[in-house]
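The values are calculated or read from the model by the stated rules, or taken from the named source; none is laboratory data. Treat the numbers as computed from the prediction; the structure is a model and nothing was measured. Counting neighbours? That spans all protein chains shown, and the Cβs are built from the backbone with ideal geometry, glycine included.
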Amino acid sequence: MTDLTATAVPDERSARRAALTLSAAQAVGGAVSPIAVGLGGIVGFSLLGADKSLATLPVTAFILGNALSAAPAALFMARVGRRTGFLSGAAATTVFGALAIVALAIGSFWLFCLAQLIGGMSGAFLQQYRFAAADASPPAFRPKAISWVLAGGVVTGVVGPQATIFGETLLPVTYAGTYAIMIVLSLLSGAVLSTLSIPKPAPRRKGDSSGRPLAAIMLQPRFVVASVCAISSYALMSLVMTASPLAMHEHHHSHSDAALAIQWHVIAMFAPSFFTGSIIGRFGKEAVVAYGLVLIGFGAVIALLGVSVAHFWISLILLGVGWNFGFVGGTAMVADAYAPEEAAKVQAANEFLLFGIVAAASFSSGKILVASGWDLINWMVFPVVGACLLLLAGHAVAGRRMRPTG
């Protein structure tokens with residue numbers, strides 16, 4: 001199959017087919033993220049000497065790979081098509097798995113960080129699934145298309161952490177089996193993606209412009225509110241989730257407890273996607289984003305009330321659901337703010353901002369945890385949530401008069 005032409009008019013039937021294919025690819029290929037994040041800090045901790053302050057650096061390397069590759073991935077797919085780009089991302093995942101196995105075998109912290117960086121690069125393509133589904137859909141179906149794609153993460157939420165647990169002793173080197181399983185999953189994802197038929201991002205036509213200047217698009221009030229809320233939802237999730245396995249370890253909970261906590265967190269991130277699109281259709285994007293931010297705040301409250309396994313699990317579940325509402329709603333708002341011919345450059349810039357800030361949150365997470373403890377990480381949630389809610393309120397007072405340009 002070949003990519004559809006960029007001039008094809010999206011219809012709901014083809015949009016549904018594309019969203020389901022991307023959801024299936026997300027289900028198996030998306031395991032790279034919970035493995036890289038859930039296991040990265042633990043492996044980093046084990047590979048370091050007495051100074052453990054860089055334990056979350058492998059997780060940061062993964063997210064930094066996302067940030068550095070976000071713009072190139074979007075622009076690459078604008079040239080060669082979505083399917084070729086997604087298959088390239090799946091191939092990078094296999095390289096990630098192979099290098100991680102070698103790093104574990106020789107006990108190299110820095111080689112493991114390099115492996116995680118490449119894993120993040122592969123994840124930059126996976127993160128484009130939601131935009132691909134949105135671009136291939138008529139406007140009314142876009143929120144559902146995005147949520148359907150993310151719904152595949154429910155399977156990811158089980159497969160990733162279970163691969164971590166099962167792979168711990170699968171091979172002679174601890175956790176090498178987990179990365180071997182990741183390689184198999186990336187090959188399965190590639191097989192699914194090879195069936196994808198989807199439009200390329202709209203190219204610039206000869207004699208035509210690529211739409212408005214990027215600054216003009218990104219300075220729209222609706223875009224600013226959408227991007228700030230989506231980025232904040234993701235950054236807060238990264239800040240807390242990255243520190244959680246290490247915080248559980250510090251409070252004498254087992255690696256299995258930590259892996260299962262991440263499993264339920266990832267399920268909570270993606271399970272609401274089965275109905276997030278419908279909720280957005282009923283209550284509106286801005287309201288769903290606000291609900292998500294409030295849930296993230298409640299998660300921090302639970303985390304501050306205790307450090308039992310139950311406290312960690314409940315907090316991470318609320319954090320996951322909050323991320324889903326905030327990120328899906330924010331992404332749908334962003335997708336309303338640009339025209340088809342503007343998609344590639346806007347998505348590239350948005351992803352760079354998103355994962356650059358998320359990388360900073362992830363990196364600071366380990367430093368804050370070691371220097372100041374688990375409580376401070378959760379206290380940091382409240383001012384960010386409050387600022388985002390004020391932005392949403394101000395946008396609502398202004399009447400939400402911005403019409404979609406796409």
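Checking the conditions here, which among Ala136, Ala140, Ala105 is hydrophobic (A, V, I, L, M, F, W, C), modelled with pLDDT under 85 and surrounded by fewer than 23 Cβ atoms within 10 Å (Cβ to Cβ)?
Just one listed residue meets the conditions, Ala140.
Looking at (1) part of a helix (DSSP H, G or I); (2) over 19 Å from the mean Cα position of the chain (by Cα); (3) surrounded by fewer than 24 Cβ atoms within 10 Å (Cβ to Cβ), can you tell me which one Val307 breaks?
(1)
Given the conditions (1) outside any loop (DSSP other than H, G, I, E, B); (2) touching a helix residue (DSSP H, G or I) at 6+ places or on another chain (Cβ under 6 Å), and given that Ala337 satisfies all but one, which numbered condition is not satisfied?
(1) is the only condition that Ala337 fails.
Quick check, is Ser69 of a type in the set (Ser, Thr, Tyr), modelled with pLDDT under 95 and within 15 Å of Gln347 (Cα to Cα)?
yes
Can you spot a residue in region 130-147 that is touching a residue at least 40 places away in the same chain (Cβ under 8 Å), closer than 20 Å to Gly177 by Cβ, touching a helix residue (DSSP H, G or I) at 6+ places or on another chain (Cβ under 9 Å) and not aromatic (Phe, Trp, Tyr)?
Checked against the condition, which is being touching a residue at least 40 places away in the same chain (Cβ under 8 Å), closer than 20 Å to Gly177 by Cβ, touching a helix residue (DSSP H, G or I) at 6+ places or on another chain (Cβ under 9 Å) and not aromatic (Phe, Trp, Tyr), region 130-147 yields no hits at all.
Among what's in region 143-173 and is out of contact with any Gly (no Cβ under 9 Å at 6 or more places or on another chain) and in a loop (DSSP other than H, G, I, E, B), pick the residue that is surrounded by the fewest Cβ atoms within 10 Å (Cβ to Cβ).
It comes out as Pro172.
Quick one: would you say Phe355 is closer than 20 Å to Ala243 by Cα, aromatic (Phe, Trp, Tyr) and either in contact with a strand residue (DSSP E or B) (Cβ under 8 Å, 6 or more places away or on another chain) or surrounded by fewer than 18 Cβ atoms within 10 Å (Cβ to Cβ) (or both)?
Against the criterion (closer than 20 Å to Ala243 by Cα, aromatic (Phe, Trp, Tyr) and either in contact with a strand residue (DSSP E or B) (Cβ under 8 Å, 6 or more places away or on another chain) or surrounded by fewer than 18 Cβ atoms within 10 Å (Cβ to Cβ) (or both)), Phe355 does not qualify.
Among the residues of region 310-320, write down those that are buried (at least 24 other Cβ atoms within 10 Å of the Cβ) and under 20 Å from the mean Cα position of the chain (by Cα).
Selection gives Ser315, Leu316, Leu319, Gly320.
Taking His311 and the conditions (1) closer than 20 Å to Pro143 by Cα; (2) of a type outside the set (Gly, Ala, Ser); (3) free of Cβ contacts under 8 Å to residues at least 24 places away in the same chain, which numbered condition does it fall short on, given that it satisfies the others?
(1)
Just to be sure before I move on: is Ala19 small (Gly, Ala, Ser), touching a Phe, Trp or Tyr at 6+ places or on another chain (Cβ under 7 Å) and either modelled with pLDDT under 90 or surrounded by fewer than 20 Cβ atoms within 10 Å (Cβ to Cβ) (or both) in the structure I sent?
yes
List, please: which pairs have Cβ atoms under 6 Å, are six or more places apart or on different chains, and start with a residue in region 376-397 that is free of Cβ contacts under 8 Å to residues at least 60 places away in the same chain and end with one that is surrounded by 14 or more Cβ atoms within 10 Å (Cβ to Cβ)?
That search, which allows pairs on different chains as well, returns Leu376/Ile368.
Looking only at residues in region 68-91 that are buried (at least 23 other Cβ atoms within 10 Å of the Cβ) and of a type in the set (A, V, I, L, M), which one is nearest to Thr195 (Cα to Cα)?
Top of the filtered list is Ala90.
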